[in-house]
1. Residues B:SER327, B:SER322, B:SER312: which one is more than 21 Å from B:ILE406 (Cα to Cα), surrounded by 16 or more Cβ atoms within 10 Å (Cβ to Cβ) and polar (S, T, N, Q)?
2. So which of B:SER223, B:SER245, B:SER233, B:SER219 ends up being among the hydroxyl-bearing types (Ser, Thr, Tyr) and more than 22 Å from the chain's Cα centre (by Cα)?
3. Would you tally the residues in region B:385-406 being of a type in the set (A, V, I, L, M), in contact with a Pro (Cβ under 7 Å, 6 or more places away or on another chain) and in a loop (DSSP other than H, G, I, E, B)?
4. Assess whether A:PRO156 counts as being surrounded by fewer than 21 Cβ atoms within 10 Å (Cβ to Cβ), in contact with an Asp or Glu (Cβ under 8 Å, 6 or more places away or on another chain) and within 13 Å of another protein chain (Cβ to nearest Cβ).
5. Return the residue satisfying two criteria in turn: it lies in region B:235-245 and is under 16 Å from B:ALA276 (Cα atoms) and at the interface with another protein chain (Cβ under 8 Å from one of its Cβ atoms), and of such residues it is surrounded by the fewest Cβ atoms within 10 Å (Cβ to Cβ).
6. Is it the case, given these coordinates, that A:ALA108 is at pLDDT 95 or above, surrounded by fewer than 19 Cβ atoms within 10 Å (Cβ to Cβ), in the same structural domain as A:ALA177 (by TED's automatic domain parsing) and not in a helix (DSSP H, G or I)?
7. Would you call B:VAL374 part of a strand (DSSP E or B) and within 12 Å of another protein chain (Cβ to nearest Cβ)?
8. Name, by its number, the condition in (1) touching a residue at least 60 places away in the same chain (Cβ under 8 Å); (2) surrounded by 16 or more Cβ atoms within 10 Å (Cβ to Cβ); (3) not in a helix (DSSP H, G or I) that does not hold for B:GLY116.
Amino acid sequence: MKKSISLGVLLIMMVSLMFFASCAKKAPETDEYPMDIRTGEMTAAEAEAERERQRRIAEEEVEAYRARQAQELQTEAAKTQFLDSKVYFAFDDSSLSAEAREILLAQARWLKANSDRTVIVEGHCDNRGTEEYNLALGSRRAQSVKDFLVNAGVEPSRIVTISYGEERPAVRENNEAAWAKNRRAEFRLR
Amino acid sequence: MNGLTLTPPIGRVKTVLLCAVLLLSLAGKGVAATYDYINISDPFHKRIPLAVPVPVSLSDDRETEQIAGSVADLLARSLEFTGYFTLIDRRAFLDAPGKQGITARDVNFKNWRDIGSELLITGGVRLEGRVLQLEFRLFDPFRQELVFGKRYTGEVADYRQMVHRFCDEMIYRLTGNFGVFNTKIAFVSETDSGKVLYVCDFDGNNLRRLTGGDNIVLSPSWSPDGRYLAYTSYRQDKPDIYIRSMATGAERLFAGYEGLNITPAWMPPDGSRIAATLSFEGDEEIYLLTDTGKIDKRLTRSWGVDVSPAFSPDGKKMAFVSGRAGSPQIYVMDLATGRTNRLTFEGRYNTQPSWSPKGDRIAYSGMSGGTSDVFVINADGSQLRQLTRDAGRNESPAWSPDGNMIVFSSTRRGDSGIYVMTASGADQRQVVNMPGNQSLPAWSPVLEP
């Protein structure tokens with residue numbers, strides 16, 4: 001170990017020396033005359049190529065960094081989209097519409113891509129009807145969502161359902177539009 | 001005073017604090033003979049005109065007079081609450097205040113007959129130090145007879161309890177059933193951050209908050225002895241069933257299975273089992289649980305929602321809500337055979353069954369035209385009657401333990417409040433006055449004093 005370190009230090013020193021030597025020599029000479037290869041000194045063209053190589057490496061590093069950042073943003077966006085997605089239901093109904101299925105397929109894709117995460121599916125109802133039955137209906141809705149996700153390939157153990165019945169409305173109003181927004185399943189991560 | 005030594009029919013009224021003495025009863029006249037005043041099985045019973053003059057002050061000071069006034073008001077209010085009586089306005093009385101006498105010898109029955117008073121309560125108040133003595137006599141001015149009389153001794157602070165003892169006994173003498181004067185109502189009230197549990201006396205007095213925090217509490221259910229409340233709480237961020245001791249306030253987790261743990265109902269007569277809806281098998285079904293929350297057996301087996309069990313008073317049948325026919329309807333299951341019959345056919349949304357203490361009827365809330373109303377139906381499915389109409393959303397009916405009244409929630413004044421009515425739907429009025437939305441009332445059994 002110690003040996004390899006001292007070897008490395010020696011190498012760095014040699015390369016530095018070579019670099020300084022080439023710089024020192026470069027000034028009085030013209031670019032057209034290549035250096036003798038045997039002396040180990042770089043020609044001007046070689047030096048230029050080396051600079052080019054270094055620049056490319058730096059560029060690649062920046063690009064990789066940018067790509068990583070973009071990937072992170074994309075992952076974050078996908079997660080946000082996953083958490084913002086909601087599935088809506090008809091009155092006194094826990095069946096999934098075509099639109100709901102499409103959203104749930106995307107949800108399943110995210111869950112499969114993030115296999116370390118456990119999701120909580122919340123079932124909600126509008127405030128028509130009565131509290132107890134709505135608790136059960138909310139449970140049914142969350143269960144419908146879970147069943148779909150399981151069929152789409154997500155492990156059942158990664159999906160927990162909680163019903164809130166009509167207790168946590170998204171919109172505290174009493175009209176058709178508000179009721180439609182409140183009959184929903186929501187997602188959060190544990 | 002010819003005191004008769006009949007054993008009071010209410011054994012439970014004796015406590016160390018309060019001492020009651022039976023004053024008078026007509027010789028040779030059994031208790032049963034007085035039942036014909038009120039027939040509670042008749043939903044259209046006529047209200048009996050009742051006079052409650054301010055009791056006579058038997059000790060000569062201002063405090064006694066003040067107490068006498070409070071006693072008269074409480075007595076009148078409490079008896080009027082039952083829906084059995086019409087209170088005659090004191091300004092119509094022919095006798096001057098405090099001059100109506102106490103015993104049969106002093107009472108001018110004609111003066112009470114002339115204002116249509118079919119029943120009269122005379123009273124006396126005596127204050128010695130902090131010891132209060134209240135005596136009441138119930139008369140029938142038309143028969144010129146004493147129905148019964150009682151004297152109560154206790155501390156001044158307990159006057160409310162003494163008056164309610166008399167009311168309870170009076171209702172027992174007149175109907176053969178104990179009244180609601182020693183009962184409580186539990187309910188849920190909305191806060192900024194959740195729903196909490198409250199309890200109050202039958203008439204809305206002694207309001208007390210039971211649960212704190214910002215979680216959601218729902219569906220309070222009294223044990224048959226009135227010593228415990230079971231309810232659903234999101235204390236651990238999911239709906240679990242807890243049981244609270246009313247004496248100590250201690251709360252314990254009763255059922256915390258995966259998924260739903262909701263709508264607890266104690267199985268009569270002893271409450272050693274609790275039915276509840278659980279969903280740990282992936283479907284909302286009603287189970288019977290032991291007193292430690294272990295599963296005794298599964299009661300329902302249908303795909304879809306089965307919820308809100310309500311037992312018949314003998315514990316042999318269970319009403320519940322099921323979505324098996326495509327919309328929520330009420331069903332009745334015979335627990336011995338498992339045989340299940342659909343009870344409700346009118347309307348597309350019938351939930352929240354409550355079985356009457358007599359066992360003959362089931363109250364529930366039914367939705368039609370976007371609003372909810374309270375209905376009552378015989379347990380065999382006959383005689384459907386609508387008790388509320390055109391008054392906001394009316395939900396969550398629960399019977400008083402004497403079967404004479406129903407408590408429910410109503411939005412008739414905007415926010416949802418706790419209301420009571422007679423079992424026939426008469427005298428609908430708000431009993432709890434507090435801001436915000438209240439719901440899911442549960443009426444306690446008759447409590448130990």
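The values are calculated or read from the model by the stated rules, or taken from the named source; none is laboratory data. Since this is a predicted model, take the numbers as computed values, not measurements. Backbone-built Cβ (ideal geometry, glycine too); neighbour counts: all protein chains shown.
1. Numbers: B:SER327 fails: surrounded by 16 or more Cβ atoms within 10 Å (Cβ to Cβ); B:SER312 fails: more than 21 Å from B:ILE406 (Cα to Cα).
Going through B:SER327, B:SER322, B:SER312 in turn, just one is more than 21 Å from B:ILE406 (Cα to Cα), surrounded by 16 or more Cβ atoms within 10 Å (Cβ to Cβ) and polar (S, T, N, Q): B:SER322.
2. Going through B:SER223, B:SER245, B:SER233, B:SER219 in turn, the sole match is B:SER233.
3. 0
4. Working: surrounded by fewer than 21 Cβ atoms within 10 Å (Cβ to Cβ): yes; in contact with an Asp or Glu (Cβ under 8 Å, 6 or more places away or on another chain): no; within 13 Å of another protein chain (Cβ to nearest Cβ): yes.
No; evaluated as a whole, the condition is false for this residue.
5. Ranking the candidates gives B:LYS238 first.
6. In short, no.
7. yes
8. Tallying (1) touching a residue at least 60 places away in the same chain (Cβ under 8 Å); (2) surrounded by 16 or more Cβ atoms within 10 Å (Cβ to Cβ); (3) not in a helix (DSSP H, G or I), B:GLY116 fails exactly one: (2).
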